[in-house]
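Here is the structure we will look at.
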Ligand SMILES: [Cu+2]
């Protein structure tokens, strides 16, 4: 999860997020190279008086500074498109969960089971247990099996919300009357935190998302316990 004074992204917990982090580093590398070059040219121009009043044009340098930026843009666009289509891919999911945004909580339905669903409310500050994170913990976590493709169907009951978990590389708009689809694979066990990412009203900041990735057997135990309770 995020920590104080953090500058970069959260650590990746899914293959797609891994790709996104690599792409971010790649793009930032190009930004740094260009910024360095521009800064050098600015400093060189303001600190010297080297001018040549006889040179009026130079075809060669104009060709270079036209073609080179185009090549750089292609080097950013192609990997970007690759990840874009990679994220759209739904690879035969083992589990489908419907996430519904409400004012102001999330509800989850495990549609592969007959009667498995629950609401997920934020735990108020005064009720937090030691080790819980303020404004991020929920009373019921969305439990998923690790290393399994999981599909999330996202929609909303009332207004626009957005279901987002940064470390899984997932952010999907929850639109009333529309069913959106996204997918992820949790590559390790862990608890991954997210928040509603669409300004949805007064308690927008207080409807966090908690995904708990566990080994498959633990998930089976959890789901049978939830079914007994229902
Ligand atoms: Cu919301």
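Rule-based calculations on the coordinates, nothing more; no lab input. Everything numeric here is computed off the predicted structure, so don't read it as measured data. Don't worry about glycine lacking a Cβ; one is built from the backbone with ideal geometry, like all the others, and counts go over all protein chains shown.
So which residue, out of 52, 203, 180, gets the largest mean-square fluctuation from a GNM of the chain using Cα contacts under 10 Å as springs? Answer for the Gaussian network model of the chain: 52. For the pair the stretch 98-132 and the stretch 170-230, the centres of their Cα atoms are 8 angstrom apart. Once a ≥ b ≥ c are taken as the square roots of the eigenvalues of the Cα gyration tensor of the stretch 101-230, is the result rounded (a/c under 1.5), prolate (a/b larger than b/c) or oblate (a/b not larger than b/c)? Rounded, since a/c falls under 1.5.
Quick check: the distance between the Cα centres of the stretch 56-89 and the stretch 1-36, to the nearest angstrom? The stretch 56-89 and the stretch 1-36 have Cα centres spaced 20 Å from each other.
At a threshold of 8 angstrom on Cα-Cα distance, excluding pairs fewer than six apart, so keeping six or more, what relative contact order does the stretch 1-123 reach in percent? Can you show the working numbers first?
Details: 58 pairs, mean separation 18.2, N = 123.
Relative CO of the stretch 1-123 lands at 15 percent.
Could you line up 58, 155 from fewest to most neighbouring Cβ atoms inside 10 Å?
Values: 58 9, 155 20.
Going from least to most buried by this count: 58, 155.
For the chain, the longest principal axis of the Cα atoms and the long axis of helix 15-47 meet at an angle of about 30 degrees.
Relative to the longest principal axis of the Cα atoms of the chain, the long axis of helix 59-88 lies at roughly 10 degrees. Once you sort the root eigenvalues of the Cα gyration tensor of the stretch 53-146 as a ≥ b ≥ c, which label holds: rounded (a/c under 1.5), prolate (a/b larger than b/c) or oblate (the other case)? In terms of gyration-tensor shape, prolate. When the square roots of the Cα gyration tensor eigenvalues are ordered a ≥ b ≥ c, the ratio a/c for the stretch 15-88 is 1.5 or more and a/b does not exceed b/c, which makes its shape oblate.
Counting only DSSP beta bridges with both residues in the chain, tell me the antiparallel percent, nearest 5.
Of the beta bridges lying entirely in the chain, close to 70 percent run antiparallel.
When only Cα pairs below 8 angstrom with a gap of at least 6 residues are kept, the stretch 95-229 shows a relative contact order of 27 percent.
Can you give the translational diffusion coefficient of the chain in µm²/s, computed by Stokes-Einstein from the Kirkwood radius over Cα pairs at 4 °C and 1.567 mPa s? Don't jump to the answer; show the numbers that get you there.
On the way: Rh = 20.7 Å.
Calculated translational D: 63 µm²/s.
Within the listed set 99, 156, 202, the Gaussian network model of the chain (springs between alpha-carbon atoms below 10 Å) gives the highest mean-square fluctuation for 202.
Based on Cα contacts under 8 Å between residues 6+ apart, the chain shows a relative contact order of 22 percent.
Axis angle, to the nearest 10 degrees, between helix 216-229 and the longest C-alpha principal axis of the chain: 50 degrees.
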